[in-house]
Structure formats: structure tokens, C-alpha cells
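The numbers here are math on the coordinates, done by the rules we state, and not lab data. Keep in mind the model is a prediction, meaning the values are calculated, not measured.
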Amino acid sequence: MTDHPANGLDDVVHQRVRLGILAIAHQARQVEFGFLRTTLELTAGNLGQHLTVLEKAELVRIEKGYEGKRPRTWVTLTTAGQTALRKEIAHLKQLIQQVEQADTAAPTGDR
Amino acid sequence: MTHESVPPADNPHELLTAVREVTHRVRIAQRGTWFPLLVFAAITLAVIPVYRYAPHHIGPCRSGPQGTSVCAGVIPAVLVYWPIALVLAYVAVARFYVLQSRRRGVGSRIRPYVVAGVVIAAALAAASLWRAFHPRMPLSSSQLQVAPATLVAHGLVTPAAAIGLALLVLVWVERNWGLLAYSLVYLVIVLANSGRAIHSSSPWYFLPQLLIPAAVLLLGSAGFALFRPSAEPQPR
């Protein structure tokens with residue numbers, strides 16, 4: 001196995017919606033289900049599926065409660081989630097850097 | 001029907017761009033800049049009767065330039081007012097951000113701002129107390145030349161500057177570049193205003209020191225409330 005940055009990508013995190021959930025939870029510390037649904041433009045069912053994947057991987061913690069009479073679901077990033085997010089972003093940046101370096105090194109005659 | 005507006009496979013550029021976009025939306029949703037500015041304008045205006053009607057004491061004096069005598073003017077009620085008012089203001093700000101978080105469904109990172117604000121308020125109280133017994137500035141500066149550095153130092157140890165310095169922490173918390181520009185302008189105005197020559201013979205001699213920062217804070221509050229960008233996703 002090489003140390004290519006693509007090998008470091010986590011299948012659970014390397015997905016646009018799930019990466020978005022982690023990024024939002026990281027910035028907000030705690031985020032409500034409805035905010036995630038609106039911001040990521042997802043249906044409740046779809047968002048629920050992604051959250052289940054992240055919760056099973058112990059990257060987020062999900063707490064259900066009430067705000068007055070309204071049921072609320074709060075999502076919090078775990079320490080493992082923070083680490084996973086940081087690693088994913090680092091790998092993505094490395095990948096972009098490698099692609100850009102390869103583009104720069106490629107002979108212009110290829111075009 | 002299950003709907004997903006984002007494609008399942010993305011290249012690194014798209015993923016990073018998406019992360020930046022959602023982070024930006026969260027930051028906008030977390031902002032409540034208008035409220036602290038309004039609260040600080042209110043406590044700045046509320047202190048006017050204290051300055052006007054609370055008893056003044058002339059503190060220790062020392063020899064000043066050109067054979068004058070420089071004395072410390074102390075209003076004990078003001079020394080008490082500002083730390084209490086600032087701490088209560090930060091409590092109100094913290095409460096506002098917590099309620100806003102619950103309403104919008106997105107947490108906020110307001111704690112560093114509140115902690116910095118309270119620490120700066122405590123430092124201001126200590127510095128004001130020290131200055132009350134160690135006069136550096138003449139009470140009436142109309143006929144005396146004061147070094148610019150002294151004016152800036154004097155201006156920094158004022159409640160208005162304490163509010164401005166804490167606003168710089170809010171800039172970092174909210175990643176709000178508009179607030180950075182505003183805070184710098186506010187601080188420049190406060191520092192420039194602190195050197196204004198005032199005849200201490202007037203019972204309202206302190207008004208410019210309070211009305212100008214309060215007006216700037218009120219204008220800022222109105223501006224940030226009116227021109228708040230939308231956190232809603234843009235149609236594609």
C-alpha cells in the first residue's frame with residue numbers, strides 16, 4: 001500500500017453530505033436536525049440515514065429532547081469526529097496539491 | 001420520495017468548496033452582532049446621570065507642566081458603575097446568544113467573547129482605581145499640551161475602549177470582517193475623542209466622552225441588524 005493521500009480517505013467521511021454534517025457540527029459545537037436539513041437541502045429521511053452512519057461510526061452523538069413542546073434532535077461532534085474531519089480535510093488538500101503539481105509538471109504537448 | 005440535491009461522488013475541490021460554503025452559512029447563522037452593540041450603547045447612555053449627579057472627589061495632586069497642578073478627579077459611583085454594568089451586559093449578551101442558538105438550531109461559540117469582555121472589564125476596574133490615585137492627565141487640558149502617547153494610553157483605559165477591545169474578540173468568534181472594520185473605526189473614534197479638550201467648569205463636561213461612543217454603537221447596531229446577510233441556502 002502506498003502513502004498516496006487517497007489511501008487515507010475514510011469512506012464514512014468521504015461523502016459530501018456526511019462531510020457537510022461534520023463541518024457544520026464542528027463550527028456550531030451543537031446543531032439541531034432542522035438546521036442541518038435546511039442547510040444541506042435534504043429530506044428528513046435522507047439526513048437521518050447519514051446521521052445513523054455517522055453515529056454508528058461514533059463520529060457524532062445524537063441527543064433527543066424537547067424545547068417546550070417541540071421535539072428536538074441535537075447533533076454533537078465527538079472527539080473521533082473532530083479527528084476524522086481534520087484528517088479528511090488534510091487528505092483532500094494533499095490530493096489537490098498533488099493533482100496541481102502533476103498538472104504543472106505535465107508537458108504542454110499533451111494538450 | 002427521497003431527495004438529495006448534492007451528487008454522491010465529488011472531487012476534492014468540490015468537497016472542500018462545499019465544506020467552506022456550509023461553514024460560512026453556519027457562521028452567518030451564529031451572528032447576533034447587533035445585540036451586544038445595542039446593550040453597550042444602552043449602558044453608555046445610562047451612566048450619564050451618574051456622571052452628572054453623583055458626588056465628585058478631587059483626589060491626590062502633583063505638579064503639572066508650566067507650574068500647574070494636576071489632580072485626579074474621582075467619581076466613586078462611576079468606578080462602581082462600569083464593572084457592574086459591563087459584567088451585566090456580558091451576561092445579557094451570553095443569554096441572548098444562547099436563546100438565539102436554540103431558536104436557530106445552531107450552537108454558538110460566544111464564550112471566548114464573554115470571558116474576554118469580563119476580563120477586560122476587571123482590568124479596566126483595576127486600572128481606573130489605580131489611576132484615581134495616580135494622576136497623569138490634567139482635568140482641564142484646554143491650555144496644556146499632552147503627549148499623543150499619553151492621550152492614547154489614557155484613551156485605552158476607558159470603558160468605551162474596553163468595549164472596543166472586547167469587540168475584537170467577537171470579530172474572531174464570528175469571523176466577521178465587517179465587524180473588524182467597524183471595531184477599528186470605533187476604537188479610532190474613541191481614542192481620538194479621549195484627547196478632546198474639555199472645560200471642566202461645565203457640569204456636562206463628560207458628555208462627548210459618552211455620547212460619541214454611544215452614537216457609534218447605536219449606528220453599528222442598526223447597521224448590523226439591517227444588513228445581516230441571509231444564512232438560507234442560495235437557489236442553484
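Side notes on the structure shown:
- The smallest convex shape that holds all Cα atoms of segment A:50-111, its convex hull, gives 129 Å³ per residue.
- The Rg/Rh ratio for chain A, using Cα coordinates for both the radius of gyration and the Kirkwood hydrodynamic radius, is 1.13.
- Relative contact order (%) - chain A, alpha-carbon pairs under 8 angstrom, separation at least six: 32
- Helix A:44-56 vs. chain A, principal-axis angle (Cα, 0 to 90°, nearest 10): 70
- Under-5 Å amide H pairs with A:R72, H placed in peptide plane, nonlocal only: A:G65, A:Y66, A:E67
- Between the Cα long axis of helix A:79-105 and the first principal axis of chain A there is an angle of about 20°, rounded to the nearest 10.
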